[in-house]
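Working notes, beginning with the structure itself.
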Amino acid sequence: MDEDEDAQVRARRAYGAQDWSAAADAFGAVAPHRLTADDLAQYADAVWWLGRIEDSEVTEVIDTVTNDVGQGCGRVGAAR
């Protein structure tokens, strides 16, 4: 298990235990491209529970993943 996988497992467990701070910290330690849609939703939810609704770190991660997915779709479409 690499560091991202370890942090992802810790984040998911912390989220399940409603340990919002630990969940947000652990999700923040995972490389953005490794986060699933559920992970992103849980990350945003944990940050919301902490009162960090406009947390720029989470916004940046979501933007990065969204841009990567969008660019990936463009490459697939262009290859057809």
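Which of (1) within 21 Å of N67 (Cα to Cα); (2) of a type in the set (G, A, S); (3) buried (at least 20 other Cβ atoms within 10 Å of the Cβ) does A24 not meet, given it meets every other one?
Failing condition for A24: (1).
Which one is nearest to D4 (Cα to Cα), of the residues in region 27-39 that are modelled with pLDDT of 90 or more and assigned to a helix (DSSP H, G or I)?
Filtering first and then ranking leaves R34.
Just to be sure before I move on: is G74 exposed (fewer than 13 other Cβ atoms within 10 Å of the Cβ), modelled with pLDDT under 95 and part of a helix (DSSP H, G or I) in the structure I sent?
So G74 fits the description; yes.
Please go through region 27-45 and give me each residue that is crowded, with 17+ Cβ neighbours inside 10 Å and among the aliphatic types (A, V, I, L, M), ordered by number.
Within region 27-45, V30, L35, L40, A44 qualify.
Got a number for residues in region 46-58 being surrounded by fewer than 17 Cβ atoms within 10 Å (Cβ to Cβ) and either in a helix (DSSP H, G or I) or touching a residue at least 12 places away in the same chain (Cβ under 8 Å) (or both)?
Residues in region 46-58 being surrounded by fewer than 17 Cβ atoms within 10 Å (Cβ to Cβ) and either in a helix (DSSP H, G or I) or touching a residue at least 12 places away in the same chain (Cβ under 8 Å) (or both): 6 in total.
The values are calculated or read from the model by the stated rules, or taken from the named source; none is laboratory data. Keep in mind the model is a prediction, meaning the values are calculated, not measured. So basically every Cβ, Gly included, is an ideal-geometry build from the backbone, and we count neighbours across all protein chains shown.
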